[in-house]
1. Does Ser140 count as of a type in the set (S, T, N, Q), touching a residue at least 24 places away in the same chain (Cβ under 8 Å) and under 27 Å from Cys46 (Cβ atoms)?
2. Would you be able to say whether some residue in the range 70-81 is open to solvent by 60 Å² or more (accessible area, probe 1.4 Å) and at pLDDT 95 or above?
3. Do you know which residues across the range 132-147 are in a loop (DSSP other than H, G, I, E, B) and under 14 Å from the mean Cα position of the chain (by Cα)?
4. For a quick check of your reading of the model, give me the residue pairs whose first member lies in the range 99-124 and is over 12 Å from Asn84 (Cα atoms), whose second is basic (Lys, Arg) and at pLDDT 90 or above, with beta-carbon atoms closer than 9 Å and at least 6 apart or on different chains.
5. Please go through the range 86-112 and give me each residue that is in contact with a Gly (Cβ under 9 Å, 6 or more places away or on another chain) and closer than 27 Å to Tyr47 by Cα, ordered by number.
6. Would you tally the residues in the range 13-38 being modelled with pLDDT of 95 or more and open to solvent by 100 Å² or more (accessible area, probe 1.4 Å)?
7. Name the single residue, out of those in the range 111-147 being modelled with pLDDT of 90 or more and polar (S, T, N, Q), that is surrounded by the fewest Cβ atoms within 10 Å (Cβ to Cβ).
8. So Val115 fits all but one of (1) under 24 Å from Phe139 (Cα atoms); (2) in contact with a Gly (Cβ under 9 Å, 6 or more places away or on another chain); what number is the exception?
Amino acid sequence: MRPPMKKIDYKVGDKVEVCSKEEGFMGSYYEATIVSCLDNGRYVICYKNLLKDDESGLLIETLLPKDLRPSPPRVRNPSKFQLNQKVDVFDNDGWWVGNIVSEKILMEKNYYYNVYFYSTNQTIYYPCGKIRVHHDMMFSGEWFMEA
């Protein structure tokens, strides 16, 4: 049996990521900010990139703590990703987990990596600026970066 995840008490203004559980978006993460901490233990968040259905403004939701995680640490300008390295790719307003499946290549004056996504069984080229080092949160609440 897994130990329980360390409880994180968020504060107004904290940057977080929301893990989607919707079909077709499972395992993707969306950046948000805590805008209110409710007495029932829930948090009101405002997404950084997701809009309301009518596109009149940023989407705001009330979520349980289990649906949130702190924003992972940023690795400044990774010079090179390794083959099969687990990464996050920014696409469709969120971060998607994939694996590097090519060396860095020059296309249209930019460097790209080919990334494979298990969730969709697709391989897509992305510019380096849309790729970040993947981190997983351990049960202790510490971040772990796969080599």
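1. Working: of a type in the set (S, T, N, Q): yes; touching a residue at least 24 places away in the same chain (Cβ under 8 Å): yes; under 27 Å from Cys46 (Cβ atoms): no.
Answer is no for this residue.
2. Within the range 70-81, none of the residues are open to solvent by 60 Å² or more (accessible area, probe 1.4 Å) and at pLDDT 95 or above.
3. Filtering the range 132-147 for residues in a loop (DSSP other than H, G, I, E, B) gives 134, 138-142, 146-147.
Answer for the range 132-147, where residues must be in a loop (DSSP other than H, G, I, E, B) and under 14 Å from the mean Cα position of the chain (by Cα): just His134.
4. Here the result reads Tyr111/Lys104; Tyr112/Lys104, each pair linking the range 99-124 to a residue that is basic (Lys, Arg) and at pLDDT 90 or above.
5. Within the range 86-112, Lys86, Val87, Asp88, Val89, Phe90, Trp96, Val97 qualify.
6. Of the residues in the range 13-38, 1 are modelled with pLDDT of 95 or more and open to solvent by 100 Å² or more (accessible area, probe 1.4 Å).
7. Asn121
8. The single condition Val115 does not satisfy is (1).
The values are calculated or read from the model by the stated rules, or taken from the named source; none is laboratory data. Quick caveat: nothing in here was measured; it's all calculated off a predicted structure. Positions of Cβ are generated from backbone atoms using ideal geometry, with glycine treated the same way; all protein chains shown enter the neighbour counts. These accessible areas exclude ligands, DNA and RNA; they are computed on the full protein's heavy atoms, side chains included. Shrake-Rupley method; radii C 1.70, N 1.55, O 1.52, S 1.80 Å.
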